[in-house]
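Enquirer: Let me begin by handing over the structure; questions about it come next.
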Amino acid sequence: MQYAVNVRRVSDVWVVLIAAALSTPIILFSLLNYDINPVFLLAPLVALAFFDGLGKMSILYVTSLVLGIVSILVVNHLKPDGELVRHFFSLVLIMFAPSFWFLGRSLSRRVGLETIVYWLAVFSSIFVVVVTVRIIALNEQVRIYIGDPGLELAYMNAKFLGLPVFAAFGVLSLAHLICLQFLVVCGVYLARPGGRVFSIGMPLALFSGAFLIAGSDSRSAQALLLWIAATLLVGAWRVPRIRRKTLVVVVLTLLAFLVLYVRGMSEFRMFTTVQTMSQEQPVATGDVAERIERLAEELNSVAPLADISNDREEASTEGLASDEEMRSEVQQREQSVQILKKADQFSTGRLELAIESVTEVSKSPVFGNGFSGYGRLRDDATPLKGSISENSSTHIYYLTLLWKGGLLFFIPFMIMLMMAFHRLWRLRLSQPRSVERIYAVSAVLMAFGPMALAWDILIVPSAGVLAFFLLGTLGTVQRPVVEPGFGVAGAGD
């Protein structure tokens, strides 16, 4: 009996350390111009967890890694660019977050889900409260711009006890992490009665999380508040005893919006963008030939699609006899262009990146681009637009995997991912239907759904790591501990 208790205590220590690393994304130092946060220190534990019960998931993970290397070597042989080390680093970074699935699986076999998410909630609360208190105390904004006039870049105004925070550049990565933390904290707060510190600290953390999410002025993060609201409704419907606390969460979120408004944030980018897009655009007038030329220029400025400047000749061969019919055809094209321009405006260039990446995938569907960037597979000498060439991803997680590694890498990786979700689905009835589990599942679905479609968040070694860790934790049957130590041999995948 004493033996089992000692093992439990060892596991609890690991839970605290792992939760602290996953929930406190501070920058420790830089290596090869890349910021290192605490999750990288967990790499030895991840390696031990990987061998804690080898099975199908392990085989698929290794297969994806090996075939990713093959993609790099083949594309480098066909089109060498002298940046082989950089491409290997890109592959390692993509495979880093998924490796935490194994850590979540291994830890969940020894410690209950409630304990794991409790400590994640504790350290997430500490993180968001400290960041928020500093912003309010200094009377600063959550979203700030740094750089020379006209070249400013958006950052999340986040520091933790004077230390810089990982992935603050661009706002989106850190804002998405806080969305995940909000759901984790919310699940623990609603599920547990708690003492005085708990009853004060958790609501303060929920207010701080909502304050940072809304204040980030990230449109996707603000939209994810709707996902969070839906989770609150579902949770309150399924578990009647948490309805009063759910109402408290809603009030705290509204209070965060009110505080932001009082501090001068009178507009939210999500609402203003939708309002702008809903406004009618005037249809161009003038000579048909001039409108066709202008239409081609506008279309090419939105996305690298085919030039339509020869539409007049094509129209004649297709039987458009009258100028009136030609005008109708041009007007339809102009409306299509307006739709594309609005979509690209709303996606802040993501449509442009997606179209270019799909074009490149069509040129190398099997091997991808060898984990490099845009332009490597282009046949013509036309330079890429700066908005494309400066990016190293498609901003859509699943498309990025296909674009970088081709079908050779994409297929085994997606099979691995689908198998992880199959495990989660299979255990939906056998595992306890706790409030913590409801909110943790919602966080995972949010990360692999809308988050992954809006940004390569699952590559980022903060939010991505947390998402894969939770997926591994939720998809594992908790077994009694029979041996001491972290790397206990267990059943396979």
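Enquirer: Which FRET efficiency, nearest 0.05, do residue 139 and residue 163 yield, Cβ-Cβ r, R0 25 Å?
Expert: Once the sixth-power term is evaluated, E becomes 0.75.
Enquirer: Still on this structure, I have one more. What FRET efficiency comes out for residue 234 versus residue 265 if R0 is 22 angstrom and r is the Cβ-Cβ distance? Round to the nearest 0.05.
Expert: Values: r = 29 Å, r/R0 = 1.33.
Computed FRET efficiency for residue 234 and residue 265 comes out at 0.15.
Enquirer: What's the exposure ranking of 419, 446, going from fewest to most Cβ atoms within 10 Å?
Expert: Placing the least packed residue first, the sequence is 419, 446.
Enquirer: Quote the FRET efficiency, to the nearest 0.05, computed for residue 418 versus residue 258 with a Förster distance R0 of 35 Å and r equal to the Cβ-Cβ distance. Display every interim value, and only then the final one.
Expert: Values: r = 43 Å, r/R0 = 1.22.
Once rounded, the FRET efficiency stands at 0.25.
Enquirer: Still on this structure: Could you check the simple spin-label distance between residue 12 and residue 251, using points 7 Å along Cα→Cβ, in nm with one decimal?
Expert: The two pseudo-label positions are separated by 3.4 nm.
Enquirer: Now for a separate question. What order do you get for 182, 50 when you list them from fewest to most C-beta neighbours inside 10 Å?
Expert: Sorted ascending by nearby Cβ count, the order is 50, 182.
Enquirer: Where a ≥ b ≥ c are the square roots of the eigenvalues of the C-alpha gyration tensor, would you call region 1-111 rounded, which needs a/c under 1.5, or, failing that, prolate if a/b is larger than b/c, or oblate? Before the final figure, lay out each step's value.
Expert: Numbers: a/c = 4.36, a/b = 1.75, b/c = 2.49.
Taking the square roots of the gyration eigenvalues as a ≥ b ≥ c, region 1-111 is oblate.
Enquirer: Taking a virtual spin label 7 Å from the Cα of residue 366 along the C-beta vector, which residues in region 74-89 bring their backbone nitrogen under 18 Å of it?
Expert: Flagged as within label range: 74-80.
Enquirer: Ranking 422, 176 by Cβ neighbours within 10 Å, fewest first, what do you get?
Expert: Least to most surrounded, the residues fall as 422, 176.
Enquirer: I would also like to ask the following. Compute the length gained on full extension between residue 43 and residue 20: take 0.36 nm times their separation in residues and subtract their Cα-Cα distance, giving the result in nm to one decimal. Intermediate values should be presented prior to the final figure.
Expert: On the way: separation 23, 0.36 × 23 = 8.28 nm, distance 1.45 nm.
Difference between extended and current length: 6.8 nm.
Enquirer: Now a separate question. Highest first, please rank the peptides 218-228, 155-165 by the mean number of other Cβ atoms sitting within 10 Å of their residues. Don't jump to the answer; show the numbers that get you there.
Expert: Values: 218-228: 20.4, 155-165: 17.7.
Top of the packing list down: 218-228, 155-165.
Just so you know, all these numbers are worked out from the coordinates, no wet-lab data involved. Keep in mind the model is a prediction, meaning the values are calculated, not measured. Methodologically, a virtual Cβ is constructed for each residue, glycine included, from the backbone with ideal geometry; neighbour enumeration extends over all protein chains shown.
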